[in-house]
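The values are calculated or read from the model by the stated rules, or taken from the named source; none is laboratory data. None of these values were measured; they are calculated from a predicted model. Cβ: placed from backbone, ideal geometry, glycine included. Neighbour counts: every protein chain shown. Note: areas computed on protein heavy atoms with side chains; ligands, DNA, RNA excluded. Shrake-Rupley method; radii C 1.70, N 1.55, O 1.52, S 1.80 Å.
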Amino acid sequence: MDLERLLADRLAPAFAAVAGGPVDPAVRRSQHADFQSDAALGLARRLGRPPREIAAEVRERASLADVCAAVEVSGPGFLNLTVAGHALGGLVSALAADPRLGVPVVAEPETVVVDYSGPNVAKEMHVGHLRSTVIGDAAARTLEWLGHRVLRANHLGDWGTPFGMLIEHLLDLGEAGAAQELSMGDLDGFYRAARAKFDDDPAFQERSRQRVVALQGGDPATLRLWRLLVTQSESYFLTVYDLLDVTLTGDDFRGESSYHDQLAPTVEELDRLGLLRRSDGADCVFPPGSVGRDGEPLPLIVRKSDGGYGYPATDLAALRHRTGALGATRLLYVVGLPQRRHFEMVFAVGAQAGWLAAPVRAEHVGFGSILGPDGRMLRSRAGGSVKLVGLLTEAVQRATALARERNPELGVAEAAAVGRAVGIGAVLYADLSGDRHKDYVLDWERMLSLDGNTAPYLQYAYSRVRSIFRRAGAAARPDAEVSLAEPAERALAMELVGFAAVVEEVAGSLEFHRLTAYLHRLAVAFSAFYERCPVLRAEGPVRESRLVLCELTGQVLRQGLDLLGIRTPERL
RNA sequence: GCGCCCGUAGCUCAGCGGAUAGAGCAGGGGACUUCUAAUCCCAAGGCCGCAGGUUCGAAUCCUGCCGGGCGCACCA
């Protein structure tokens, strides 16, 4: 049971009695006590009574004796609540006995499609892909742990006009040579070379155009070459996902091409519903609420004037498929904020068409752009893009060197494993620990930093927990009574019981920086506890109690970091 | 022109209507015969972009400015 809710439940009847109607007790954490209730302040005017008097009466009426050690009226009319040590200890004991650490499986599981990562075939993954991949994976992991049915959708850019030139370039290189280049992960080189030829050589340009026609016409030979490109890229992406500890697998590739045969039926249905309008030769839907530069309604172009389908059609077909055939009730699109308007329009059209009707909802889980040092968007054309594997490799190297330096006892293999967990963790954490809506300037040092509010700090706290148990030679006794005499023990316990509320909040908002902030607070509380409260040198019930606190801290850190896709080595 | 996102310590960022605005980094001062010092403790650091408004109370909600970024019909 969440402490905040427990206190609110106890205060609510007292407030209701005093106010003569239901009142939200407005309980929250406090600097002046464990919790405070602010509701008396707001009631003062309505009741025509001084807020302190209201607070005092609520204090008299509320049954808090078994939960609170002190309830005081403070300041202009706050009710300061100090939780009783035994009550807090009891809650900690209950958590220790719960494999889910107080976080229940949802009563009504949903089918959730998480659309994320979505790199482009035959193009290198750069730091810009990091955000979608990392945030999306955290969302998938978190919702899955809560008991939802999560369908990961890797919406690969595997279709469209660029494939004409890519296939022609592949033919120029020869299949064997091209395959080798692609399998080595030099996708940028491949793409740039094709692009350069396309820009400079009119003959190549013409071949490419014809190749696109052949591809879209389903020419078997062309399709075979196209598939070669796709599978080579896919296997490369999987190596990056593996390095990142991302849970996407080969089964999750749902490229744009996979909706190819649903495009025409989707557009036909829009037509049947009377939503289609011809404009400048293109078939469009004009969803309400979107206006363009000229103040005129903005169309979502579902079929271009040349008869081809663009990505709006693909997104609509995917949406229709996901809510229809897949039966999803929640759709997440983990895509950069610049595409916000596009998704607004797609969702609006989906609603008009009836594919998106309550309780089914779609959310654009947008995130800020990564900017260059000049404060402008990092663009691959400008040569400013940073290859993702380069960043990851650097992170692992740095962390491995640090692991060797800090802990010479580690063998070569373990140092490598630690370096990987710490280095990758640092990169993931750097991306997840800030408000995802904000742009940020690509800061190599920041992403690779192993100091401060970073994953390594949390991993270190975890490794300290494990170290205690290695030396203790025994696990914590789950039935041991938890006593909280020391302030540091109390502070730690207070954080531990807050895990469930944070996870539930994050499952809704998908603001993972709230989870990282929580885990950091927990690790700080544990570090202070570790400094001041000896565990192994304590005896009897104190030792038993502290072992429970350690065990629970370790479990929450591990589970919390796991939801973010970050590893927790046994020792650093 | 319209729309969206963002302006908080020197730097990177928390703070989703409440008391004296909090962390980390950098810089200053302390703590290793100790369960790993990848740690801890102390001090210092602020016209919360600006101006109005709502409210008993605003960094937080509303409006208008200023500054930065992004987007606004057949590329994805």
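Using a 1.4 angstrom probe on the protein heavy atoms only, could you order A:D245, A:D66, A:D251 from most to least accessible area?
Accessible-area ranking of A:D245, A:D66, A:D251, largest first: A:D251, A:D66, A:D245.
Work out how much length A:E53 to A:E206 would gain on full extension: take 0.36 nm times their residue separation and subtract the Cα-Cα distance, in nm to one decimal.
Full-extension gain reported as 46.7 nm.
Kindly express, to the nearest 10 degrees and within the range 0 to 90, the angle between helix A:311-323's C-alpha long axis and the longest C-alpha principal axis of chain A.
50
Evaluate the Debye formula for chain A with equal point scatterers sitting on the alpha carbons, no solvent, and hand back log10 of I(q)/I(0) at q = 0.09, 0.10 Å⁻¹, in q order, two decimals.
-0.84, -0.98
Grab the other residues whose beta carbon is less than 12 angstrom from that of A:D158, score K and R as +1, D and E as -1, and report the net.
The answer is +1.
What per residue convex hull volume, in Å³, comes out for the stretch A:388-448 when only alpha-carbon positions are used?
Once divided by residue count, the hull of the stretch A:388-448 is 75 Å³.
In the neighborhood of A:L448, defined by Cβ-to-Cβ distances under 10 Å, what is the net charge if each Lys or Arg adds +1 and each Asp or Glu adds -1?
Cβ neighbours under 10 Å give a net charge of -1.
Give the calculated FRET efficiency between A:V441 and A:R29 to the nearest 0.05, with a Förster radius of 25 Å applied to their Cβ-Cβ distance.
In this case the efficiency is close to 0.20.
Once you put a point 7 Å from the Cα of A:D306 and another 7 Å from the Cα of A:R376, both along the Cβ direction, what distance in nm separates them?
About 2.9 nm separates the two model spin labels.
Can you give me the distance in nm between label points at A:S74 and A:T249, each placed 7 Å from the Cα along the Cα-to-Cβ direction?
5.2
Mind jotting down a quarter of the surface of the convex hull over the alpha carbons of the stretch A:158-272, in square nanometres, one decimal?
That works out to 8.7 nm², a quarter of the Cα hull's surface.
Given a cut-off of 25 Å, name the pairs among A:K304/A:K438; A:K123/A:K197; A:K197/A:K387 whose C-alpha atoms lie farther apart than that in the structure shown.
A:K304/A:K438
Mind giving me the FRET efficiency for A:E531 and A:E144? R0 is 41 Å, r the Cβ-Cβ distance, nearest 0.05 is fine.
0.70
Please state the relative contact order of chain A as a whole percent: Cα pairs under 8 Å, 6+ residues apart?
15
Sorted by mean Cβ packing within 10 Å, highest first, what order do the peptides A:154-163, A:369-378 take?
Peptide ranking by packing, descending: A:154-163, A:369-378.
Quick one: which residues, 5+ away or cross-chain, put their amide H under 5 Å from the amide H of A:F78? H built at 1.01 Å from N.
none
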